[in-house]
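J.: Before I ask anything, here is the structure I am working with.
Quick note: the coordinates plus some simple rules give every number you see, no bench work behind them. Here the structure is a predicted model, which is why all the values come from computation and not from measurement. In this analysis, Cβ positions are derived from the backbone assuming ideal geometry, glycine residues included, and neighbour counts consider all displayed protein chains.
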Amino acid sequence: MMPRSNLRIVPDSSHQIVRGACPHDCPDTCALLVTVENGRVMRVAGDPAHPSTHGALCTKVARYPERLHHPDRLTVPLRRVGAKGEGRFEPVGWDEALDEIAARLGAIAARDGQRILPYSYAGTMGFVQGEGMASRFFHRIGASLLERTICSSAGIAGLRYTLGGAVGMDVERFADARLILIWGSNSIASNLHFWSFAQQARRNGARLIAIDPYRTETAQKCDTHVALRPGTDAALALGMMHVLIRRELLDDDYIARHTLGFAALSERAAQYPPERVAAICGISEEEVLDLALAYGTTRPAAIRLNYGLARTRGAANAVRAIVSLPALVGAWRDPAGGALLSVSGNFPTDSAALTRPDLIPGWPRQPRSINMATIGDALLGADPPIEALVVYNSNPVAVAPDSERVIRGFAREDLFTVVLEHFRTDTADYADFVLPATMQPEHFDLHKAYGHLYLLANEPAVAPAGQARPNSEIFRGLARRMGFDDPALRATDEEIAAAAIDWSDPRLGGNSLADVRRAGWIRLAVPAAPFADGGFPTPSGKCEFASERLAAQGLDPLPDQLDPYESAASDPALARRYPLSFISPPARNFLNSSFVNVASLAASEREPQCAIHPDDAAVRGIVDGSRVRAFNDRGAFVARARVEDRIRPGVVLAWGVWWHKLSPGGRNVNAVTAPALTDLGGGPTFYDCLVEVESLREASA
Ligand SMILES: Nc1nc2c(c(=O)[nH]1)N[C@H]1C(S)=C(S)[C@@H](COP(=O)(O)OP(=O)(O)OC[C@H]3O[C@@H](n4cnc5c(=O)[nH]c(N)nc54)[C@H](O)[C@@H]3O)O[C@H]1N2
Ligand SMILES: Nc1nc2c(c(=O)[nH]1)N[C@H]1C(S)=C(S)[C@@H](COP(=O)(O)OP(=O)(O)OC[C@H]3O[C@@H](n4cnc5c(=O)[nH]c(N)nc54)[C@H](O)[C@@H]3O)O[C@H]1N2
Ligand SMILES: [Mo]
């Protein structure tokens with residue numbers, strides 16, 4: 001284990017530094033040092049000894065004390081007194097709240113547990129405050145299962161069918177690459193610590209190429225920017241293959257030994273000559289050629305793709321096509337070559353021990369499952385109906401697609417809703433009970449990561465705010481009241497953390513939970529170049545260009561371009577009414593809908609903004625800085641126009657995800673997004689959306 005000489009636990013009791021882990025849904029999962037004085041968090045800093053955090057935090061988490069000590073922090077349980085959504089509540093004691101919730105859930109479960117639905121995502125990525133005690137509780141009830149698809153499921157499906165799982169390059173190795181493709185990722189905003197490795201590579205002479213419909217702050221700092229149409233990434237990757245094959249820029253030995261389906265893939269790629277790809281992607285033939293030739297002739301070549309390219313109909317196909325590229329040129333041979341989307345599959349998690357599906361009554365028979373991406377439809381139409389909803393670690397009213405339907409679902413008077421939260425979010429406003437939850441410096445947790453290879457512990461640094469309780473404690477309390485006496489439902493937070501990992505796995509190098517807690521973080525023992533000699537975790541052990549598992553499901557075994565549902569190519573009639581493609585990527589100063597209520601960060605983002613190309617603005621009489629309304633048949637939102645050529649013509653972009661109630665007109669970007677699902681993985685299609693934009697013609701203040 002590495003020495004941590006930087007850390008001094010100051011013996012003076014009024015001033016301590018406590019080790020933590022950033023809980024947020026971000027690839028970087030930073031190692032934190034939390035400074036506590038007189039029982040109060042004064043500072044949250046990045047651990048300088050942790051190789052990917054290297055002492056630096058993003059602006060959001062550097063401001064953590066502002067979120068922790070926020071005047072609007074929920075500190076007591078609340079019971080609804082107003083209408084649903086109105087947000088009027090009265091304080092109530094914990095016992096009264098938990099007794100009543102347990103009685104309501106118990107009565108429903110006695111008839112049919114499936115009428116209860118948990119709704120959660122990655123508000124915290126911790127094992128303990130995430131799906132540890134919560135899943136055990138809902139499994140024991142026999143509640144509907146939730147398909148946690150809102151973010152990564154399509155991308156992960158693409159990885160699984162091609163590489164065999166959420167595996168790939170070590171982010172630290174990007175520093176040694178000579179060519180880096182940053183594909184569907186605004187890394188400076190969403191993956192800051194990757195960006196510093198990319199910068200190191202650039203200082204050593206690497207070329208950086210951004211592939212993104214918008215000239216993001218990241219694209220601006222790259223050597224080349226390829227501004228393709230949203231949802232055309234598979235075509236671009238197939239076009240690159242076409243050129244690599246024609247020009248014989250392949251690693252024949254690697255292909256022969258470590259891949260499956262090359263002949264079929266070659267036929268598919270033959271259908272994507274640069275001129276066709278240029279037309280699909282809305283770029284030039286030269287751009288396709290340049291990209292392919294750079295990729296085919298530079299070693300090591302590394303690809304950082306991110307979920308931004310996996311939010312349209314063809315999401316998984318796009319990921320399949322892109323992660324096929326490294327095997328074609330043998331990029332995996334080098335530690336600084338290959339591709340990285342998520343490496344969470346490297347962690348030896350024991351999900352069955354953590355979440356205990358065996359507690360489901362009638363196991364192995366499973367209750368029905370509900371896709372979180374279509375929660376509006378589920379609340380309005382599931383049969384049997386959802387009668388109770390328990391939301392934790394998520395803000396679905398703001399973040400789920402097709403808000404008007406989501407809001408109608410949450411507004412159902414006959415729906416019993418409990419929300420565990422830090423703040424009175426858009427979702428909390430629809431709750432019958434709001435329960436105050438602890439924040440990261442107030443509870444214990446254990447974290448894996450999806451963008452690096454360290455397991456991290458988070459120690460509680462201070463007492464909870466007011467009466468706030470950890471999620472785990474809230475679910476233990478409900479379980480006790482419902483008479484569940486299984487030891488799994490009484491497990492302590494430390495026991496839950498211990499169950500989350502298979503500690504005997506060689507990747508842990510013999511470390512125990514106590515070792516991780518003592519050190520703060522430990523690195524997984526995985527090879528520097530994981531697929532230098534093949535060994536992919538697919539059924540064949542090879543990189544599967546063609547997938548027999550997909551063929552067996554009657555699906556196309558090869559990756560292909562699938563045009564977005566809402567595009568001129570797929571639906572010309574719709575495209576005539578709503579001619580602009582709409583994308584809504586993350587704002588730099590927010591984390592999905594978290595931090596939107598933190599004053600200094602909201603001030604940096606100013607207000608909901610919408611980027612539109614000068615040509616598209618001119619024909620609509622939209623001037624820079626004026627208010628616009630973006631709309632389609634599902635709904636509308638209002639934003640301040642940024643007329644700029646950073647966005648490609650025909651595309652508009654608005655940064656997410658503001659709370660509805662903090663947006664002008666009371667609606668955010670998800671008022672227009674669609675509930676349609678991706679090709680594989682049942683993921684949402686946030687960036688597969690057509691809109692029209694009109695000027696609101698008010699005096700711009
Ligand atoms: N500051 C900040 N950091 C975050 C988040 C946040 O909200 N704020 N969210 C976190 C979460 S939950 C996630 S999942 C991750 C990943 O977050 P991502 O969703 O990958 O977001 P970004 O990295 O910002 O980049 C997405 C980029 O993809 C571009 N894009 C949109 N459509 C397409 C397309 O069809 N093709 C291509 N090539 N590009 C497209 C957008 O213009 C944008 O620049 O980031 C995490 N980090
Ligand atoms: N239009 C559009 N919509 C999007 C996206 C987009 O790019 N465009 N991105 C999508 C993506 S990638 C994702 S991952 C989803 C994310 O959607 P969510 O997972 O809902 O993420 P957040 O909006 O950050 O909301 C998390 C909530 O959990 C709460 N929370 C945090 N920690 C705890 C805790 O310990 N206990 C409890 N009880 N609560 C806690 C926070 O206060 C916060 O309100 O949004 C998606 N929505
Ligand atoms: Mo996400």
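J.: What FRET efficiency would be calculated for the residue pair Arg518, Ala352, taking the C-beta separation as r and a Förster radius of 35 Å, to the nearest 0.05?
T.: 0.80
J.: Over all alpha-carbon pairs in segment 628-683, figure out the percentage whose distance exceeds 19 Å.
T.: Summing the P(r) tail past 19 Å for segment 628-683 gives 39 percent.
J.: Also: Based on the inverse mean of 1/r over its pairs of different Cα atoms, what is the Kirkwood hydrodynamic radius of segment 69-214, in Å?
T.: Computed over Cα pairs of segment 69-214, the Kirkwood hydrodynamic radius comes out at 20.2 Å.
J.: Something else: Please list the three semi-axes, largest first and in whole Å, of the ellipsoid equivalent to segment 652-701, using sqrt of 5 times the eigenvalues of its alpha carbon gyration tensor.
T.: Semi-axes, largest first: 26, 13, 8 Å.
J.: Can you give the extra length, in nm with one decimal, that the chain gains between Arg88 and Arg111 once fully stretched, where that is 0.36 nm per residue apart less the Cα-Cα distance?
T.: Length gained, Arg88 through Arg111: 5.2 nm.
J.: Rounded to two decimals, what is the ratio between the C-alpha radius of gyration of segment 393-505 and 2.2 N^0.38 Å?
T.: Scaled against compact globular proteins, the figure is 1.27.
J.: Go through segment 28-83 and name the trypsin sites (Lys or Arg not before Pro) that are in a DSSP coil and have 11 or fewer other Cβ atoms within 10 Å of their Cβ.
T.: none
J.: Identify the GluC sites (Glu not before Pro) of segment 76-124 meeting these criteria: DSSP loop state and at most 15 other C-beta atoms within 10 Å of the C-beta.
T.: For GluC sites (Glu not before Pro) across segment 76-124 that sit outside H, G, I, E and B with at most 15 neighbouring Cβ atoms in 10 Å, the list reads Glu86.
J.: Mind listing the Cα extents of segment 565-701 along all three principal axes, in Å, largest one first?
T.: 42, 38, 25
J.: A follow-up question, please. Residue by residue, what Karplus-based ³J(HN,Hα) values in Hz, rounded to whole numbers, does segment 435-452 have, using 6.51, -1.76 and 1.60 with θ = phi - 60° and x for Gly and Pro?
T.: 10, x, 9, 6, 9, 3, x, 10, 9, 8, 7, 10, 10, 9, 9, 10, x, 8
J.: Another question, if that's okay. What share of all Cα pairs of segment 193-351, in percent, falls into each consecutive 5 Å distance bin?
T.: All Cα pairs considered, the percentages come to 2, 9, 17, 22, 22, 16, 9, 3, 1, 0.
J.: Check which residues have an amide H placed less than 5 Å from Gly451's amide H, if you skip close sequence neighbours.
T.: Amide H neighbours of Gly451: Val343.
J.: Relative contact order of the chain: what whole-number percent is it, with Cα pairs under 8 angstrom and at least 6 residues apart?
T.: 20
J.: Which FRET efficiency value, to the nearest 0.05, is calculated for Glu694 and Ala599 with the Förster distance at 30 angstrom and r the Cβ-Cβ distance?
T.: According to the calculation, E is roughly 0.45.
J.: Please say if segment 460-518 is rounded, prolate or oblate, where rounded means a/c under 1.5 for a ≥ b ≥ c the square roots of the C-alpha gyration tensor eigenvalues, and otherwise the choice is prolate for a/b larger than b/c and oblate otherwise?
T.: Oblate, since a/c reaches 1.5 and b/c is not below a/b.
J.: Return the equivalent ellipsoid semi-axes of the chain as a descending list in whole Å, where each equals the square root of 5 times an eigenvalue of the C-alpha gyration tensor.
T.: Result for the chain: semi-axes of 38, 31, 26 Å.
J.: Glu217 to Asn38: extension gain in nm, 0.36 nm per residue of separation minus the Cα-Cα distance?
T.: 60.4 nm
J.: While we're looking at this one, here's another question. Loop only by DSSP, 10 or fewer other Cβ within 10 Å of the Cβ. Give me the GluC sites (Glu not before Pro) in segment 374-430 that pass, ordered by residue number.
T.: Glu413
J.: Another question, then. If amide hydrogens are placed 1.01 Å from N in the peptide plane, which non-local residues have theirs closer than 5 Å to the one on Leu145?
T.: Arg368, Ser369, Ile370
J.: Strictly over 29 Å apart at the Cα level, which of Lys60/Lys84; Lys60/Lys661; Lys221/Lys542; Lys60/Lys221 would you flag in this model?
T.: The answer is Lys60/Lys84; Lys221/Lys542.
J.: Still on this model: At each listed q (0.13, 0.16 Å⁻¹), what is the log10 of I(q)/I(0) that the Debye formula gives for segment 444-580 modelled as equal alpha-carbon point scatterers?
T.: Summing over Cα pairs of segment 444-580 leads to -0.89, -0.95.
J.: Provide the per-residue ³J(HN,Hα) series for segment 552-565, in order, calculated from phi with Karplus coefficients 6.51, -1.76, 1.60 and θ = phi - 60°, each as a whole number of Hz, with x at glycine and proline positions.
T.: 5, 8, x, 9, 4, x, 10, x, 8, 7, 10, 5, x, 4
J.: With no solvent and one point on each alpha carbon, what is the Debye value of log10 I(q)/I(0) for segment 254-317 at q = 0.12, 0.21, 0.29 Å⁻¹?
T.: Taken in order of the listed q values, log10 I(q)/I(0) reads -0.43, -1.33, -1.14.
J.: Taking Rh as the Kirkwood radius computed over C-alpha pairs, what is the Stokes-Einstein D of segment 513-599 at 37 °C in a medium of viscosity 0.692 mPa s, expressed in µm² per second?
T.: Stokes-Einstein gives a translational diffusion coefficient of 171 µm²/s.
J.: Report the equivalent ellipsoid semi-axes for segment 136-271 in whole Å, largest first, defined as the square roots of five times the eigenvalues of the gyration tensor built from alpha carbon atoms.
T.: In descending order the semi-axes read 30, 24, 16 Å.
J.: What full-extension length gain, to one decimal in nm, is calculated for Glu495 and Glu267 as 0.36 nm per residue of separation minus the Cα-Cα distance?
T.: Here the segment from Glu495 to Glu267 would lengthen by 76.8 nm.
J.: Do you know the relative contact order of segment 227-375, to the nearest whole percent, from alpha carbon pairs under 8 angstrom that are 6+ apart?
T.: RCO, segment 227-375: 30 percent.
J.: Read phi for every residue in segment 491-497 and hand back ³J(HN,Hα) as whole Hz from Karplus 6.51 cos²θ - 1.76 cosθ + 1.60, θ = phi - 60°, with x for Gly and Pro.
T.: 4, 6, 4, 5, 5, 5, 4
J.: Determine which residues of segment 558-584 fall in the zone a paramagnetic label at Asp633 would reach in this model, i.e. backbone nitrogen under 15 Å from the point 7 Å along Cα→Cβ.
T.: Counting backbone N atoms under 15 Å from the label point, the list is 565-568, 570-579.
J.: Okay, next question. Rounded to the nearest 500, what is the chain's calculated 222 nm mean residue ellipticity when only DSSP H runs of at least 4 contribute -39500 (n - 2.57) each, over all residues?
T.: -8000 deg cm²/dmol
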